[in-house]
Amino acid sequence: GEELVADSHLLPAVAVGRKVGDLIREYARSEPNPTAALVFGGTVLDIKPSPVVAAFSSRGPNMVTPQILKPDVIGPGVNILAAWSEAIGPTGLAKDSRKTMFNIMSGTSMSCPHISGLAALIKAAYPEWSPSAIKSALMTTAYTQDNTNSTLRDAADGSLSNPWAHGAGHVDPQKALSPGLVYDISTEEYITFLCSLGYTVDHVKTIVKRPNITCSTKFKDPGELNYPSFSVLFGGKRVVRYTRELTNVGPARSIYKVTVNGPSTVGISVRPKTLIFRSVGEKKRYTVTFVAKRGTSPMAKPEFGSIEWGNAQNQVKSPVSFSWSLM
């Protein structure tokens with residue numbers, strides 16, 4: 001309750017956190033003639049820690065398809081100052097007749113245009129890239145440390161954040177323009193993915209707007225989609241194995257080595273451990289095997305880790321979540 005969101009108000013008002021709010025209430029109760037003044041404190045720079053995950057940010061796990069990790073990434077979405085239409089007042093209320101050229105807003109409606117703008121930036125630099133390649137570039141280059149070199153914090157309760165709150169991390173525009181490798185997904189692969197979710201053929205036809213869908217090809221596990229992140233659901237099994245394909249969008253003759261990070265309750269092995277790309281656009285596959293250690297309770301709390309392909313120039317990082325049962 002300490003996060004400050006600068007909503008527009010019809011009356012002069014200021015937002016405070018819960019701790020300060022409690023003090024104000026106590027003062028108003030104990031003082032016969034309480035007074036207050038609203039004062040603009042100026043612009044404050046170098047706030048630490050920053051950035052933090054907004055308390056209202058959408059959270060995992062993915063309840064519809066638990067084998068796909070959500071959210072993907074986070075971006076600026078709190079107290080965003082930007083241009084505003086004079087067709088409506090700053091509060092958006094019918095009674096608000098004020099006109100202003102700028103306003104401050106928060107929410108997905110603010111983070112979405114930031115991410116969309118970055119997607120457009122990458123598309124301008126690489127017109128031939130698919131939406132999946134652009135998404136991969138944004139995800140695998142995102143960062144998960146704040147300006148105090150700590151793991152990102154969650155404004156909801158002040159705790160350390162995790163991939164169910166920040167996905168792959170906070171977007172980094174500069175790094176996203178040079179991701180090194182991307183996880184690309186074709187339209188046909190997405191159709192195979194939809195067919196593996198238990199929809200009827202008619203449902204899939206409606207979604208993809210193609211008449212010739214048969215769903216003759218399906219993934220046996222939706223997590224086989226060539227996604228830039230991993231969501232491992234053990235359920236009743238101890239071993240989960242996925243194969244991913246990486247496309248080299250960096251220089252020719254690039255060599256990448258893998259680094260894995262995970263909880264003590266899970267064994268992670270990757271084959272091969274080194275990927276050698278001789279040319280630009282070359283594709284290489286790898287297989288990762290996740291093994292739940294014996295004795296781990298099916299009610300164990302979710303855990304997190306990462307798989308990173310790296311060299312001196314690029315680090316291509318994928319978050320991994322581990323669940324032992326459906327939430």
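The values are calculated or read from the model by the stated rules, or taken from the named source; none is laboratory data. The structure presented is a predicted model; accordingly, all values stated were derived computationally and were not measured. Please note: Cβ atoms are built from the backbone with ideal geometry, for glycine as well, and neighbour counts cover all protein chains shown. With ligands, DNA and RNA removed, areas are computed over all heavy atoms of the protein, side chains included. Shrake-Rupley method; radii C 1.70, N 1.55, O 1.52, S 1.80 Å.
Couple of notes before you dig in:
- In the stretch 111-127, the residues that are within 17 Å of D72 (Cα to Cα) reach residues that are surrounded by fewer than 12 Cβ atoms within 10 Å (Cβ to Cβ) and modelled with pLDDT under 95 with C-beta atoms within less than 9 angstrom, at least six apart or across chains, in these pairs: P113/A82.
- The listed residues are L93, L38, L81, L45, and the only one of them that is of a type outside the set (V, I, T), surrounded by fewer than 17 Cβ atoms within 10 Å (Cβ to Cβ) and not in a loop (DSSP other than H, G, I, E, B) turns out to be L81.
- Any hit, the stretch 7-15, residues being open to solvent by less than 50 Å² (accessible area, probe 1.4 Å), within 30 Å of E303 (Cα to Cα) and either hydrophobic (A, V, I, L, M, F, W, C) or in a strand (DSSP E or B) (or both): no
- Residue count, the stretch 169-193 (criterion: in a helix (DSSP H, G or I) and out of contact with any Pro (no Cβ under 9 Å at 6 or more places or on another chain)): 10
- Annotation note: of T296, T289, the sole residue that is in contact with a Ser or Thr (Cβ under 9 Å, 6 or more places away or on another chain) and either among the aromatic types (F, W, Y) or part of a strand (DSSP E or B) (or both) is T289.
- Residue within the stretch 240-256 that is more than 24 Å from the chain's Cα centre (by Cα), touching a residue at least 12 places away in the same chain (Cβ under 8 Å) and within 29 Å of M63 (Cβ to Cβ) present: no
- Members of the stretch 284-327 that are free of Cβ contacts under 8 Å to residues at least 60 places away in the same chain and touching a Leu at 6+ places or on another chain (Cβ under 9 Å): K284, R285, Y286
- Residues in the stretch 252-272 that are farther than 24 Å from I185 by Cβ and part of a loop (DSSP other than H, G, I, E, B) were compared, and the one that is least open to solvent (accessible area, probe 1.4 Å) is P263.
- Residue match in the stretch 119-138 (condition: out of contact with any Lys or Arg (no Cβ under 6 Å at 6 or more places or on another chain), among the aliphatic types (A, V, I, L, M), open to solvent by less than 20 Å² (accessible area, probe 1.4 Å) and not in a helix (DSSP H, G or I)): no
Residue-wise test of (1) more than 24 Å from the chain's Cα centre (by Cα); (2) on the phi < 0 side of the Ramachandran plot; (3) open to solvent by less than 70 Å² (accessible area, probe 1.4 Å); (4) in contact (Cβ under 8 Å) with a residue 40 or more places away in the chain.
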residue	(1), (2), (3), (4)
G169	no, no, yes, yes
D184	no, yes, yes, yes
V201	yes, yes, yes, no
V208	yes, yes, yes, no
